[in-house]
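Engineer: I have a structure I would like to understand better, so I am pasting it below and will then ask my questions one at a time.
The values are calculated or read from the model by the stated rules, or taken from the named source; none is laboratory data. The shown structure was predicted, so the numbers you read here are calculated from the model rather than taken from an experiment. We place every Cβ from the backbone using ideal geometry, glycine too, and count neighbours over all the protein chains shown.
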Amino acid sequence: MVVRLRLQRFGRHDRPFYRIVAADSRAKRDGRFIERLGSYDPIASKDGVKEVRLHSDRLKYWLAVGAQPSDRVAWLMSKYNLLPAAPIRPSTLQHLPRKERKEVMEAKEKLVVAARAKTAAHKEARAAAGAGGGGKTFHTDARREGEKEGGVVGMLMGGAVMARVRATLVLPWAGGKRT
């Protein structure tokens, strides 16, 4: 049973109020819960204050036993130093000023050029080594015969030669035959 720390929605239409609860992850959003851990009112009062009540000792307990907070509960807990703040992951560069955006794009282009040069150098080194198989595996009858005879068999995989040794066993109950 995975326990999640999440919000249960209460209140009326356009006036939400949330309880912070520990609940089984399979339970409905507003369904059964194990323990109530606090409350959160996202609508600011006339003073501009959003009310948050947290039972910090119980939240710490549930985190210690492996409960996983939802994104919003983790955000609330980070505001009160119960969890470290999640890193900001911008999906676009529109939040940056134009000058910074241009610098970031230039840095990305330099990284792409460097990666392409590294890949080209790697391909050239493979071609110079004579292993230009392009990542294909070559199976031949000679290889299969080599396996039967218990010898060392080479396989070409991704430009690297992999050797496989098949051990020869003599089993006394098999009449001294090799396997």
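Engineer: Here is a list: Arg36, Arg19, Arg53, Arg89. Which entry is buried (at least 16 other Cβ atoms within 10 Å of the Cβ) and out of contact with any Pro (no Cβ under 7 Å at 6 or more places or on another chain)?
Structural biologist: Working: Arg36 fails: buried (at least 16 other Cβ atoms within 10 Å of the Cβ); Arg53 fails: buried (at least 16 other Cβ atoms within 10 Å of the Cβ); Arg89 fails: buried (at least 16 other Cβ atoms within 10 Å of the Cβ).
Exactly one residue qualifies, and that residue is Arg19.
Engineer: Of (1) charged (D, E, K, R); (2) touching a residue at least 24 places away in the same chain (Cβ under 8 Å); (3) within 27 Å of Arg26 (Cβ to Cβ), Lys79 satisfies all except one. Which?
Structural biologist: Condition (3) is where Lys79 drops out.
Engineer: May I ask you to list the residues in the stretch 83-115 that are among the basic types (Lys, Arg), modelled with pLDDT under 80 and more than 30 Å from Arg58 (Cβ to Cβ)? Before you say what the answer is, go through the steps one by one.
Structural biologist: Let us first name the residues in the stretch 83-115 that are among the basic types (Lys, Arg), namely 89, 98-99, 101-102, 108, 110.
Restricting the remaining residues to those that are modelled with pLDDT under 80 gives 89.
Scanning the stretch 83-115 gives no hits.
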